[in-house]
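This report concerns only the one structure given below.
The values are calculated or read from the model by the stated rules, or taken from the named source; none is laboratory data. For clarity, every value in this text was computed on a predicted model and none was experimentally measured. So basically every Cβ, Gly included, is an ideal-geometry build from the backbone, and we count neighbours across all protein chains shown.
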Amino acid sequence: MTRPSNPASSLPSPLLRLGTRQSPLAMAQAHETRSRLCAAHGWDENAVELVPVRASGDKNVDVPLADIGGKALWTKELDAWLGEGHIDLAVHSMKDVETIRPPQLTITAILPRADVRDVLIGASSITGIPQGARVGTSAPRRAAQMLSRRPDCEIVMFRGNVASRLAKLAAGEADVTLLAAAGLERLGRTGTGTPLEVDDWLPAPAQGAIGIECRTDDAETRALVAAIDHAPSHAAIMAERALLAALGGNCHSPIAVLSEMADGRMTLTSVLYSPDGAERVQGSLTFDIGDTDAPARLAGDLLQRASAGITAYFDGAPGAVS
């Protein structure tokens, strides 16, 4: 496919085919990606075709994701379409992308990261949650973090898109739930619930970030997509993913992490939990942004200090179980 450097509306379209999941949030992220690409290159909107695919993870929302294939259920259809050339690029919520990606695919761009916080819905604060309340979540990190703070609460399985989880909450299937602030914002639901400040409640690795993936050997598309890469967000996401990789984190691993940047340096703060929240270990490391080995050093420190009740859920630890 030959792509002019500055196509006008009279030129053939689409120039790029952008694959996306079909969920409302995924489609909102795809529209944002298309808008940024077209603005960066002076294209009309029809230069980028949105190609929706129904992901396996959207088909079965009645069991925990970790029990039916993990994060690959969000990406495997898009991976196949991208690898087979049916699409030129794919858009992902980076929080949902497996840590180890196929070598034939490359995360080329990260859009400017949105709000990383979780939002509590159904109560005004963690301490304000009623005694013995049911907390709806399927995320090991949110469950462990909540039980660490509120061991009196009961965790009930909650999966589905934002609208379905809010509907389940309204129907009384749980008393409170937690959602990502970024997702609510992208769906126009700003003002829903109470954001939890990061100095009190750390987010998930890569939360709030949209990533664009291309075929590794497609230099032309990668060059076009690089125009919308936000370097600070890219550095933060890669550092958080490097930490997750060094820990051997998987869908059963309760891990929270926050990256902060100042004066060319990054600080990673992470907490690892046992699934029941009874045990936790926390650590931080400040390093130059170009120091790609630093996340592994933090991972080593955390695993060395963690109890067996924590390390059993991280494949990077000796004696861990998957």
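Restrict the check to the range 101-122 and report whether at least one residue is within 30 Å of residue 174 (Cβ to Cβ), modelled with pLDDT under 95 and not charged (D, E, K, R).
No; the residues of the range 101-122 include none that is within 30 Å of residue 174 (Cβ to Cβ), modelled with pLDDT under 95 and not charged (D, E, K, R).
Residue 86 - would you say it is assigned to a loop (DSSP other than H, G, I, E, B), in contact (Cβ under 8 Å) with a residue 40 or more places away in the chain and assigned by TED's automatic domain parsing to the domain that holds residue 214?
yes
Which ones in the range 189-210 are surrounded by fewer than 24 Cβ atoms within 10 Å (Cβ to Cβ) and among the polar types (S, T, N, Q)?
190, 192, 194
Quick check on the range 256-291: of everything there that is of a type in the set (Val, Ile, Thr) and in contact (Cβ under 8 Å) with a residue 40 or more places away in the chain, which residue is farthest from residue 310 (Cα to Cα)?
The extreme case among them is 289.
Within the range 101-152, restricting attention to residues that are under 30 Å from residue 216 (Cα atoms) and not in a loop (DSSP other than H, G, I, E, B), which residue is nearest to the chain's Cα centre (by Cα)?
Looking at residues that are under 30 Å from residue 216 (Cα atoms) and not in a loop (DSSP other than H, G, I, E, B), I get 110.
Scanning the range 180-210 for residues that are in a loop (DSSP other than H, G, I, E, B) and polar (S, T, N, Q), which turns out nearest to residue 78 (Cα to Cα)?
Top of the filtered list is 207.
Would you check which residues across the range 259-279 are surrounded by fewer than 18 Cβ atoms within 10 Å (Cβ to Cβ), touching a strand residue (DSSP E or B) at 6+ places or on another chain (Cβ under 7 Å) and in a strand (DSSP E or B) and list them?
Scanning the range 259-279 gives 260, 265, 267.
Here is a list of conditions, (1) in a helix (DSSP H, G or I); (2) buried (at least 21 other Cβ atoms within 10 Å of the Cβ); (3) assigned by TED's automatic domain parsing to the domain that holds residue 93, and residue 213 meets all of them except one; can you say which number that is?
With respect to (1) in a helix (DSSP H, G or I); (2) buried (at least 21 other Cβ atoms within 10 Å of the Cβ); (3) assigned by TED's automatic domain parsing to the domain that holds residue 93, residue 213 is out only on (1).
Considering the range 39-61 alone, what residues qualify as being modelled with pLDDT under 50 and not in a loop (DSSP other than H, G, I, E, B)?
Residues satisfying the conditions are 57, 58, 59.
In the range 216-256, which residues are assigned to a helix (DSSP H, G or I) and not hydrophobic (A, V, I, L, M, F, W, C)?
Residues satisfying the conditions are 220, 221, 222, 232, 233, 234, 240, 241.
I'd like the residue in the range 81-116 that is in contact with a Cys (Cβ under 9 Å, 6 or more places away or on another chain) and of a type in the set (Ser, Thr, Tyr) and, out of all such residues, is surrounded by the most Cβ atoms within 10 Å (Cβ to Cβ).
Only one residue tops the list, namely 108.
Would you point out the residue of the range 240-252, among those that are surrounded by fewer than 23 Cβ atoms within 10 Å (Cβ to Cβ) and touching an Asp or Glu at 6+ places or on another chain (Cβ under 9 Å), that is farthest from residue 297 (Cα to Cα)?
Among them, the one singled out is 251.
Condition check: more than 25 Å from residue 212 (Cβ to Cβ) and at pLDDT below 90. Does residue 64 satisfy that?
In short, yes.
Please work out which residue is surrounded by the most Cβ atoms within 10 Å (Cβ to Cβ), limiting yourself to the range 165-179 and to residues that are of a type in the set (A, V, I, L, M, F, W, C) and part of a loop (DSSP other than H, G, I, E, B).
174
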